[in-house]
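Enquirer: One structure follows; several queries about it will come next.
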Amino acid sequence: MSEGTIAATVNGTGPGADGAPRILIIDDEAAIRESLETLLTLEGYAVESVENGEQGVERIAEQPFDLVLLDLALPGRNGIEILSTIRERQASLPVIMITAYGTVGNVVDAIRGGAQNFVQKPWDNEKLLADIRAAIARYRAEEENVQLKRALRQRYNFPNIVGKSEAMLRIFDLVAQVAPTRSTVLIQGESGTGKELIAKALHSNSPRKDKPFVPVNTGAMPTDLLESTLFGHVKGAFTSAIAAKKGLFEVANGGTLFLDEIGTMGMDTQAKILRVLQDRRFMHLGGVQEIQVDVRIIAATNVDLRQLVREGKFREDLFYRLNVIAIELPPLRSRREDIPLLAAHFLHRFSEENGLPARTFSPDAMRALVDYEWPGNVRELENVVERGVVLSSGTTIGADLLPGHLTGSSYSSSLLEHNPDASLFDIIEDIERRIIVDKLERCNWNQTEAAEQFRIPLSTLNQKIKRLSIEIRKRGRE
């Protein structure tokens, strides 16, 4: 199946995929049905209408629809009951409730029941059309995400990788082609692009999938600790070596060892890694006996290794050993068509993890997500979505729940709006607090990385965090 076939499979299925979006009207008043049919048909929608809820449920079972306009006051079973039945049978189908007798209780019941929106008669045509367009756009993005994942699962085992852009489809094909081999792979890309997910996909689609996948962040350890972690040591090899210890090369025997941030590795360690790649042998620190291993190496870096080679900071022979197969992950800003799919994926996951009803982004919020440059890439988007899910009180996440640097809001506006008499010191402190929080969010709450980007010592950043009473959140996933 070619990359074009995958795209066709995704784009050619689901409600309304073969033509105009399909809308079902459920209302017992003929004049209302006729008025809505005329309005929506002129807008290019394919419209059907029925006069009671049971007929509506039957039509939904027979035909795919992109949206339902449902009257609250129906003969027999009322709209809330019909909404419940629709949700049981097709949980994601957007439903907009319409009624002439809107009360707070009705609105609460409808939203709790999973209605996308609540419109009161007589409605404003432009607002109703805007609500319909937004609901259908969100629904199609979510459905496309589901279908893309289904199509990819049929071909590959890529459970957590989302993308429909040409760049990502090419990577999927390359991963599928390379995974069954034992070739060394070098994954390159900016921080937060999902390099470990690609490494896991290579492992899980290989003959080694039943053996260990062992990740190690080579940039997070000093040289002595890294070598002990990778190669193990014998008892007494160094002062604190009170017992012999296996290294990760032994732990990963028969499987895959993922070396992340390999560009930070010291030259001595590079030489030892090169020997394992060449001979598939190594010795424990302090040991004299060679150990044979069968380990596939997948390495990743967010820096230009060729430039490090030119600067004498990375071994040229090791670079060519690692760079047998190169996979270049594009930054999120260069594949903006994937942002709605990724956002829908994270919305579903975080809503489910927190036991909350499914959330969606408002059109303004989604526009801000698509327009943003995403220096932290997919990881930053993941953190922003998690924040929106946790902070939202309803099922729609508006632009007001996005971090200020996404929407361009002023750093000082929050304090000044709530306290126009704030002192200059208070305003400066508020700006500093928000800048630090924004930077921490972009760095996945990694204080060391944030300090490096601020170009200040980690101790200085920690002092500021303490002084400004900034609550450190747990770090998210790669």
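Since every read-out is calculated from the coordinates, none of them should be taken as a lab result. From a predicted model like this one, the values you see are computed outputs, not experimental measurements. Don't worry about glycine lacking a Cβ; one is built from the backbone with ideal geometry, like all the others, and counts go over all protein chains shown.
Enquirer: Set Lys and Arg Cβ to +1 and Asp and Glu Cβ to -1, take the dipole of the range 166-329 about its Cα centre, and tell me which of T301, V288, F314 lies farthest positive.
Expert: Comparing the listed Cα positions along the dipole, V288 ranks first.
Enquirer: Next question, about the same structure. Taking R0 as 22 Å, what's the FRET efficiency between E311 and I456 from their Cβ-Cβ distance, rounded to 0.05? Mind showing how you got there, number by number?
Expert: Numbers: r = 25 Å, r/R0 = 1.13.
Once rounded, the FRET efficiency stands at 0.30.
Enquirer: Rounded to the nearest 0.05, what FRET efficiency is calculated for R280 and A91 with R0 set to 45 Å and r the Cβ-Cβ distance? Write out the running numbers ahead of the final one.
Expert: Details: r = 51 Å, r/R0 = 1.13.
E(calc), rounded to 0.05, equals 0.30.
Enquirer: Convert each backbone phi in the range 443-455 into a coupling constant with the Karplus relation 6.51 cos²θ - 1.76 cosθ + 1.60 (shift: θ = phi - 60°), then list the ³J(HN,Hα) values in order as whole Hz, x for Gly and Pro.
Expert: 9, 6, 6, 8, 5, 4, 5, 4, 4, 5, 5, 6, 6
Enquirer: Oh, and also: Could you name the lysines whose alpha carbon sits less than 25 Å from that of K200, not counting residues in the same chain fewer than 8 places away?
Expert: K149, K164, K209, K211, K246, K272, K474
Enquirer: Would you mind ranking V378, V276, V288, V68 by Cβ crowding within 10 Å, fewest neighbours first?
Expert: On the way: V378 28, V276 19, V288 7, V68 25.
Going from sparsest to densest Cβ surroundings: V288, V276, V68, V378.
Enquirer: Rank the residues F231, F319 as a footprinting-exposure proxy: fewest other Cβ atoms within 10 Å of their Cβ go first.
Expert: On the way: F231 23, F319 19.
Fewest-to-most ranking of F231, F319: F319, F231.
Enquirer: From the phi of every residue in the range 260-265, what ³J(HN,Hα) in whole Hz does the Karplus formula 6.51 cos²θ - 1.76 cosθ + 1.60 yield, where θ is phi - 60° and glycine or proline is x?
Expert: Karplus-based 3J(HN,Hα) across the range 260-265 equals 8, 6, 5, x, 8, 6 Hz.
Enquirer: Let me ask something additional. How large is the dipole of the range 166-329 about the Cα centre if only Lys and Arg carry +1 and Asp and Glu carry -1, each at its Cβ, rounded to the nearest 20 debye?
Expert: On the way: 20 positive and 19 negative charges, 97 e Å.
Dipole size: approximately 460 debye.
Enquirer: Quick one: length gained pulling E471 to M267 fully straight, 0.36 nm per residue minus the C-alpha distance? Provide the component values of the computation, followed by the final result.
Expert: Values: separation 204, 0.36 × 204 = 73.44 nm, distance 3.82 nm.
Full extension of this stretch gives 69.6 nm more.
Enquirer: Distance between Cα centroids, the range 305-352 to the range 169-243: provide it in whole Å.
Expert: 15 Å
Enquirer: Using the Karplus equation 6.51 cos²θ - 1.76 cosθ + 1.60 (θ = phi - 60°), what ³J(HN,Hα) coupling, rounded to whole Hz, does each residue of the range 191-197 give in order, writing x for Gly and Pro?
Expert: 4, x, 7, x, 5, 5, 4
Enquirer: Arrange R170, R89, R434 by Cβ neighbour counts within 10 Å, fewest through most, would you? Write out the running numbers ahead of the final one.
Expert: Numbers: R170 14, R89 11, R434 22.
If I rank by nearby Cβ atoms, fewest first, I get R89, R170, R434.
Enquirer: Taking amide H positions as placed 1.01 Å from N in the peptide plane, with prolines and chain starts having none, which residues 5 or more places from I161, or on another chain, fall under 5 Å of its amide H?
Expert: Counting only residues 5 or more places away or on other chains, the set is empty.
Enquirer: Let me ask you something else. Taking 0.36 nm per intervening residue step and subtracting the Cα-Cα distance, what contour gain separates R336 from I435 on full extension? Intermediate values should be presented prior to the final figure.
Expert: On the way: separation 99, 0.36 × 99 = 35.64 nm, distance 2.53 nm.
Length difference between fully extended and current span is 33.1 nm.
Enquirer: Hey, another quick one. Taking the Cβ-Cβ separation of R170 and E37 as r and a Förster radius of 45 Å, what is the calculated FRET efficiency to the nearest 0.05? The partial results should precede the final answer.
Expert: Working: r = 44 Å, r/R0 = 0.99.
Approximately 0.50, to the nearest 0.05.
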